[in-house]
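For reference, the structure discussed in these notes is given below.
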Amino acid sequence: MKIVVTGGAGFIGSHFIKYILKKHPGYKILNVDKLTYAGNLENLEEIKDNPDYSFVKEDICNRKTIENAISGYDVIVNFAAESHVDRSINEPEVFLKTDVFGTFNLLEICRTRGIKKYIQISTDEVYGSADYGETFTEESRLNPSSPYSASKAAADLLVLSYYKTYKMSINIVRSSNNYGPNQYPEKFIPLFVTNAIEDKKLPLYGDGRNVRDWLFVMDNCAGIDTVLHKGVSGEIYNIAGESERENIFIAKKILKYLGKSEELIQFVNDRPGHDRRYSISCEKIKRIGWRQKTSLEDGLRLTVEWYRDNRQWWEKIKSGEFLKYYKTHYK
Ligand SMILES: NC(=O)c1ccc[n+]([C@@H]2O[C@H](COP(=O)([O-])OP(=O)(O)OC[C@H]3O[C@@H](n4cnc5c(N)ncnc54)[C@H](O)[C@@H]3O)[C@@H](O)[C@H]2O)c1
């Protein structure tokens, strides 16, 4: 199989590329990534010389170059997105451009160039907050709260329209909060782990009792691989971690693993439109054979250890673009 992975230099996309090359010898992967602040080719260092892997630096909003590069490929798996909720509140426009218009571009390329299959990597955030103890299924209504989740929901609807109108073979994957090595340190778990390592404060939104469902990144990659091979065309699949925890629980766990004091936790003003709880059912993807392998306990310990042992990876990031962004918006 020849797969175009967009956004493959980011957190989940880079793990997915390494996962596929290992699991399916002989598969070919073309990584198309604009290399925004979140794209990092160091994430792919170990496979950069693999003859089955190639890379093109390009924006998914630019159709021409991508059209030429992907000739002969079977499937597009679209990870490329602006993905950080806080940034979407401060600078929503780029989210609309990449997450909606970029998705449209890729769908058009599939339609006009005869690419056999398109997989959209979406998120549980499109369902909005599960405030009343409910668990959302693939049939639940879309009710996004942030410009980020609204742009992802809009993209999902566009993808479904290409299935209905053009009979294109598509799937949508909606996963819960991923965590693991190589996640950009603006996101909750890597921010808290790296701050704790540096004895800096851990800025916890609101009362710290927002609930997220945590999914280890390799389990998500295995889920996407299951959908790639066994997904029924036109169907949406949720991938859940089945590990719902309050943010304060995660913060305390991280501090415990690192032997640091809970006094490092600092409560800060809540994010506007902050969803209280995410909760999705993954019974549908289980029916096509996916099972989660990594418990939250094991995955979190492994993740903390990775950041502890790979300071050179995140110290560079935290002193560059990241610092500039945080100084502009949070100081
Ligand atoms: N991280 C999570 O917890 C999570 C959970 C559910 C779904 N998702 C979805 O998974 C996907 C990947 O998330 P991630 O956490 O790896 O994100 P990330 O921010 O780490 O990586 C995004 C990648 O996309 C690239 N990119 C951004 N704009 C682009 C453009 N216009 N053209 C080409 N490349 C572009 C970036 O350079 C980067 O390499 C996203 O679509 C996100 O919505 C993420």
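Every number here is computed from the coordinates shown, using simple stated rules; none is lab data. Small disclaimer: the values here were computed from a predicted structure and weren't measured. Cβ placement follows ideal geometry from the backbone for every residue including glycine, while neighbour counts extend to all protein chains displayed.
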For N90 and R311, what is the calculated FRET efficiency with R₀ set at 35 Å and r taken between the beta-carbons, to the nearest 0.05?
-> 0.80
Put in order of increasing Cβ neighbours within 10 Å, starting from the fewest, C61, C221 give C61, C221
Points 7 angstrom from Cα along the Cβ direction at E246 and E262: gap in nanometres?
-> 1.0
Each label sits 7 Å from Cα toward the beta-carbon; between K167 and R209 the label points are separated, in nm, by 5.4
Mean residue ellipticity at 222 nm from the helices of the chain, using -39,500 (n - 2.57) per DSSP H segment of n ≥ 4 over the full residue count, to the nearest 500 deg cm²/dmol?
-> -12000 deg cm²/dmol
Most mobile listed residue (D59, D49, D99) in the chain, GNM with C-alpha springs under 10 Å = D49
Pick out which of S71, S122, S175 has the largest mean-square fluctuation in a Gaussian network model of the chain, springs linking Cα atoms closer than 10 Å.
-> S71
May I ask which of K18/K260; K117/K316; K116/K286; K64/K167; K260/K284 have a Cα-Cα span longer than 29 Å here?
-> K18/K260; K117/K316; K260/K284
Under a Cβ-Cβ cut-off of 12 Å, what is the net charge of the residues other than I248 that fall near it, where Lys and Arg count +1 and Asp and Glu count -1?
-> +2
Of all DSSP beta bridges with both partners in the chain, the antiparallel percent, nearest 5, is 10
Between D298 and C61, what is the spin-label point distance in nm, taking each point 7 Å from the Cα along the Cα→C-beta axis?
-> 4.2
Stokes-Einstein D (µm²/s) once Rh is taken as the Kirkwood radius of region 125-208 over alpha-carbon pairs, at 4 °C in 1.567 mPa s | 83
Using every alpha carbon pair in the chain, what percent of pairs falls into each 20 Å bin from 0 up to the bin containing the largest distance?
-> 32, 61, 7
Before anything else, pin down the relative contact order of region 210-331: Cα pairs under 8 Å, at least 6 apart, normalised by residue count, whole percent.
-> 37
Neighbours of Y127 by Cβ distance under 10 Å: Lys/Arg at +1, Asp/Glu at -1, summed charge -3
For peptides 250-263, 139-152, sequence by mean Cβ density within 10 Å, most packed first | 139-152, 250-263
Taking the square root of 5λ for each eigenvalue of the C-alpha gyration tensor of region 181-331, the equivalent ellipsoid has semi-axes, largest first and in whole angstrom, of 30, 18, 16
Most fluctuating of W214, W313, W290 in the GNM of the chain (C-alpha, under 10 Å) is W313
